[in-house]
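Heads up, the thing below is written out as structure tokens.
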Amino acid sequence: MKTILHYGLVLLIIAGVAGVGLSFVDNLTKGPIAEAQSKRLEEGQKLAFPSASSFGELKKFETDGKTIEYYEVFDEGKNVIGYELLYSVGGYQSRIKVLTGIEPDGKVVAIRVLEQAETPGLGAEVDALPSSDTIFSAITGLFSKKEDKSEEVQIPWFQAQFSGKTPEDLI
């Protein structure tokens, strides 16, 4: 009986110290994580509408029992030039938070993945930029024949496949 009590007390102390440590780390990282999420959202908003001068406050509406969050996008004259839908979809092992830019006529102009925790090397490649700089092209010397594409803006393959399509095209 004395041994069980001893082990129980040791386990209680270890769990208590671990809990206090985790609480401290959570409080320490909460601010930087929120700042990084806010920065990623701002970058995503600018990607969809580079000509936008401002973005409205987060608004919500209900449709088919789902709550949709969105931002209005304004130009210099405070005219609405588009909308950005903020939603999350189910991935293989996590929720994927996505920001989609839509013009007033319904055309999808950009999709930006804001948060994901998918498998590295597989689902996490949703943000990867396409590249022609492969090991094969390095060996065969194709790097030297490459055109200068410094002014061309690259977007991840996942976003490029939906660019210019309306929501009806995606259904």
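The values are calculated or read from the model by the stated rules, or taken from the named source; none is laboratory data. Remember, it's a predicted structure, so these values are computed and weren't measured experimentally. Cβ placement follows ideal geometry from the backbone for every residue including glycine, while neighbour counts extend to all protein chains displayed. What goes into the accessible areas is simple: the full protein's heavy atoms, side chains included, and nothing from ligands, DNA or RNA. Shrake-Rupley method; radii C 1.70, N 1.55, O 1.52, S 1.80 Å.
Could you please report the charge total around Gly90, scoring K, R as +1 and D, E as -1 over all other residues with beta-carbon less than 12 angstrom from its beta-carbon?
+1
Per residue, the accessible area of the range 1-58 comes to 80 Å² when a 1.4 Å probe rolls over the protein heavy atoms. Here the label points at Lys39 and Lys60, each 7 Å from Cα along the C-beta direction, are separated by 2.8 nm in the simple model. Extension gain, Gln93 to Asp105, is 0.9 nm, computed as 0.36 nm per intervening residue step minus the present C-alpha separation. Element breakdown for the range 4-45 at a 1.4 angstrom probe: carbon and sulfur atoms account for 75% of the accessible area. Amide hydrogen proximity for Ile81: with H placed 1.01 Å from N in the peptide plane, the residues at 5 or more positions away or on another chain lying under 5 Å are Val73, Phe74, Asp75. The modelled label-to-label distance for the pair Lys78/Leu22, using points 7 Å beyond Cα in the direction of Cβ, is 4.9 nm.
Annotation: Phe55 carries an accessible surface of approximately 50 Å², with a 1.4 Å probe and no ligand, DNA or RNA atoms counted.
Using a ≥ b ≥ c from the Cα gyration tensor of the range 52-106 (square roots of the eigenvalues), is it rounded, prolate or oblate, where a/c under 1.5 gives rounded and otherwise the larger of a/b and b/c decides, a/b for prolate?
Values: a/c = 2.59, a/b = 1.94, b/c = 1.33.
Prolate shape, in that a/c is at least 1.5 and a/b is the bigger ratio.
Taking all Cα-Cα distances within the range 28-67, those exceeding 15 Å account for 61%.
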